[in-house]
Every structure is written in structure tokens, then in C-alpha cells.
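Step one of this worksheet: look at the structure below.
The values are calculated or read from the model by the stated rules, or taken from the named source; none is laboratory data. Note that this is a predicted model, so its numbers are computed, not measured. Methodologically, a virtual Cβ is constructed for each residue, glycine included, from the backbone with ideal geometry; neighbour enumeration extends over all protein chains shown. We work out accessible area using only protein heavy atoms, side chains counted, and drop any ligands, DNA or RNA first. Shrake-Rupley method; radii C 1.70, N 1.55, O 1.52, S 1.80 Å.
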Amino acid sequence: MSDGPVTPFEARLCELAEGGVEGVVDFADAVVAEAIRRGASDIHIEPFGATLLVRFRLDGVLLPALQIPTQVPTNVVSRFKVLADLLTYQSDMPQEGRIPRDRVNAPADLRVSSFPTVRGEKVVIRLFDPETQDVKLEELGYPPAVREELERQVQNPGGILLLTGPAGSGKTTTIYAALRYLLEKSGGARHVVTVEDPVERMLPGVTQTQVHPGTGLTFARCLRSLMRQDPEVIVIGEIRDRETAEIGMEAGLTGHLVISTIHSGSAAGVFTRLLEMKIEPYLAASAVNLVVAQRLVRRLCEKCRRPARAREELLGLSEELLGRAHTAAGCDQCFNTGYRGRTVLVEALRNSKPIREEVLQRAATETIHLTAISHGMRPLQEAALEAVAQGVTSPVEIRRVLGQDWNG
Ligand SMILES: [Zn+2]
């Protein structure tokens, strides 16, 4: 068993584990039920020698839920393979499958993947994809000014709207929310096409396409053909090569609204990234209307958060924050994690004449960043400070997401 107090879940599972093979069906059901109860997005089940480690991904963070030293381990993995109609005798090759919702009493089908490791077979069960939940623009948690800017931009006839942030930062959720808003506002009068990898969510009234790089149907190839399909709004899952970027930019400049994601550490960094892809500065400078950089941070559990006192929690914090910063504790409400739910940190860079001039001169990211701030952009750093000052999240959580160098 893991250290600390034994939860009713752990106690019950230990009991089932002692039941050996007989208990394995109930054991697997109980793990799924507990993951659903806690709101986990994924379950990881992995043997480490004679012990079985069960972890749940909660609000984007993988946390241990259970560790059991018994004979059960292999049986549990097999049980999930049976549920997902995978080949139980084949344990040396990765497999993928699906568990129909009614088999495990889940609200939706579960995606299962098994993988051979040196310690035995591991399974990961996806309960839901937090990136593709039905969320409306006003539910994203954006500051009102940023939300209004986004609403304005998606009603534009042309130009590019780019979202940036690491994997799992909610970019796709934002795109789908923006699309829903756009569809609602236009009453279906705009021809919306998407090129995605993969299509995660079906949207009524939208022409959605999935790329298949294996067969040559790449983002760029799809886009070139789609341009002949008379599109008005084009959603590109991700810009990761020059050709895709170039087609997107040109579409944005010729009366199409383009919405996409691109990898960069900050909103200003997106321009540098585009130039690194060998996009002509004039294209990047004139096509991009708005860049939104975002991060998701966990919210402190309001029931158990307490003022931060420990030295490592307070390190680097300003006088002002010292008295206001809070830290995670843990209670039954938050399943002892100290956190419940997440909030978004966002910086929105609206393109303007001074930004355009700097991009044309290939200015450094930092220069563009400072110019954007002097023209009203609230940087991620400031959004983070505010979240800490309000006790919404902890300095430890901010450092986990923004990097260890973060200082308040
Ligand atoms: Zn709590």
C-alpha cells in the first residue's frame, strides 16, 4: 500500500486483490468507477515487479491512486484487454481497442491501449479527452477583454487567429468553442472547413477532414484542394511546416478566416516561429490578426488551501505576494490532491502597426513581446501573479506549468 492514510478505495481494492483471480472482475470495475468518481481523464495500470501501480490523471497531472503487492497484476491487465476485445495471449506487441460504455458502466466508451514494458504489460485507459469537451467561449475562463477580442476576431471575414501553448494547454478546446460561437453567430451562413489530425469532435454544419500523412493526404495537400471548395472559414489543426503555414497565410490575406495552432512558448514567439519556418516577414506581419497563448493551471481546493509558509514555496516571491500566496493541503473533497479543477492563464497579442513593423524587421521575440505589453497585452507572467495573489492557484503549481524560473 502507498504511504499515508488508507482511503476506502484502497481498502476495498486490497480486499479484492486478496480474493485473487476471483476478485479481478470486481477489481477492474472498481478502478474504473473510482476514476470516474474522481473525474480522472486517464487510468494508468502498470506492473512494477510483484506490485501493481494504478495512477489517475486528474486535471492534467498523473497521481498514484493505488499500489498493491499481490498476484493480481497480470490478471488486471488481462481483464482490461478482455473488456476491450484485445488478444489476451499477445502480450509482446502494443494493442489498441475500445471498451463499450455499458461493459463498465461508464458515461462514454473507453479507449484502451496496451504496451509491453520490461516489467510486463502496461495498460492506459482514456476515459475522456479534456481537450475536446463541449465548452462555450464564456466557459473557458478567459478574462472578459480577451474573450471579447476573440469574439470580434472570429466574426472577421479574413485574417489569421493563432493559438499557442504546449500539449494539453486547452488550445483545441478554445478552437472548438470559438467555432461553436462562430456557427451560432453566422446561423450556418459561413462555409466552415477543418483539416484535423485527428478529428476529435463532430460539429454540425462543418466540413471536417482528417489528414492521413501515410497516404500523402497531408495538411498542405488537404488545404490546397480545400481552397477550390469555396471555403470561408478554415481551421487547420496545427501549423508545423512551411507549406501549411504559407497556404494558411495566403488564405488569410485573400478573404478567408483561418484559425490554427502553432508551437511556441509565448504569443510574441509565434512570429519568430513563422520566420524560422521561412515564411516571408511581410506574410506573417500582415496575415496574423490575433495570437493567444495559454496554459492550464490547477485551482487550489477552496476547502483545504492554506497560506503558503514553507521556504521553497515562497522563494522568489515579492513582498506583496508573501502574505497572499496559498498552498495545497488535501482533504476528502479534492481526493487529497489539494487541487480541484483548472483555470486558464492567457496572453492575447493583437497585431498592430508597431508589431507589424517589428516583424518586418525580423525583431527578436523579446522586442515584440515588450512592444505588445506597451500596447496593452497582459502577459502570462502577470496573469500568473494575479492567480497567485488571489489564492486561485499556488506558486508551486505556477512553476510546474511556467517553469522553475518563474518568480512572483
Ligand atoms: Zn481539498
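Of the conditions (1) part of a helix (DSSP H, G or I); (2) buried (at least 23 other Cβ atoms within 10 Å of the Cβ); (3) of a type outside the set (Gly, Ala, Ser), residue 162 fails just one. Which one is it?
(1)
I'm trying to understand the selection: among the residues of the range 200-232, which are of a type in the set (A, V, I, L, M) and within 19 Å of residue 188 (Cβ to Cβ)?
202, 203, 206, 226
Please determine whether any residue of the range 309-317 is within 27 Å of residue 145 (Cβ to Cβ), assigned by TED's automatic domain parsing to the domain that holds residue 283 and away from the ligand (no atom under 16 Å from the Cβ).
Checking the range 309-317: at least one residue is within 27 Å of residue 145 (Cβ to Cβ), assigned by TED's automatic domain parsing to the domain that holds residue 283 and away from the ligand (no atom under 16 Å from the Cβ).
Which one of these does residue 138 not meet: (1) assigned by TED's automatic domain parsing to the domain that holds residue 235; (2) of a type outside the set (A, V, I, L, M); (3) in contact (Cβ under 8 Å) with a residue 12 or more places away in the chain?
Among (1) assigned by TED's automatic domain parsing to the domain that holds residue 235; (2) of a type outside the set (A, V, I, L, M); (3) in contact (Cβ under 8 Å) with a residue 12 or more places away in the chain, residue 138 violates only (3).
Out of 402, 360, which single residue is surrounded by fewer than 19 Cβ atoms within 10 Å (Cβ to Cβ), hydrophobic (A, V, I, L, M, F, W, C) and modelled with pLDDT of 95 or more?
360
Against the definition (in contact (Cβ under 8 Å) with a residue 12 or more places away in the chain and either outside the structural domain of residue 58 (by TED's automatic domain parsing) or surrounded by 16 or more Cβ atoms within 10 Å (Cβ to Cβ) (or both)), how does residue 215 come out, yes or no?
Judged against the criteria, residue 215 is not a match.
Quick check, is residue 174 at pLDDT 90 or above, assigned by TED's automatic domain parsing to the domain that holds residue 197 and among the hydroxyl-bearing types (Ser, Thr, Tyr)?
Yes; evaluated as a whole, the condition is true for this residue.
Could you list, in sequence order, all residues of the range 110-143 that are surrounded by 18 or more Cβ atoms within 10 Å (Cβ to Cβ) and of a type in the set (S, T, N, Q)?
Matches in the range 110-143: 114 only.
Taking the options 180, 126, 98, name whichever one is without any contact (Cβ under 8 Å) to a residue 24 or more places away in the chain and on the phi < 0 side of the Ramachandran plot.
98
What is the number of the single condition among (1) within 16 Å of the ligand (Cβ to nearest atom); (2) closer than 30 Å to residue 247 by Cβ; (3) not aliphatic (A, V, I, L, M) that residue 341 does not meet?
Condition not satisfied by residue 341: (2).
Going by the conditions given, is residue 328 open to solvent by less than 50 Å² (accessible area, probe 1.4 Å), in contact (Cβ under 8 Å) with a residue 12 or more places away in the chain and away from the ligand (no atom under 15 Å from the Cβ)?
no
Can you tell me which residues in the range 284-308 are within 16 Å of the ligand (Cβ to nearest atom) and either open to solvent by 50 Å² or more (accessible area, probe 1.4 Å) or at pLDDT below 95 (or both)?
Passing the criteria: 299, 302, 303, 305, 306, 307, 308.
Pairs under 8 Å by beta carbon, first residue under 18 Å from residue 332 (Cα atoms) in the range 20-41, partner open to solvent by 60 Å² or more (accessible area, probe 1.4 Å), six or more apart or different chains?
Partner pairs satisfying both residue conditions: 33/105; 36/107; 40/57.
Return the residues of the range 251-260 that are open to solvent by less than 10 Å² (accessible area, probe 1.4 Å) and out of contact with any Gly (no Cβ under 7 Å at 6 or more places or on another chain); say none if nothing qualifies.
Residues satisfying the conditions are 251, 259.
How many residues, within the range 337-366, are out of contact with any strand residue (DSSP E or B) (no Cβ under 9 Å at 6 or more places or on another chain) and either of a type in the set (Val, Ile, Thr) or under 17 Å from residue 392 (Cα atoms) (or both)?
Qualifying residue count for the region: 1.
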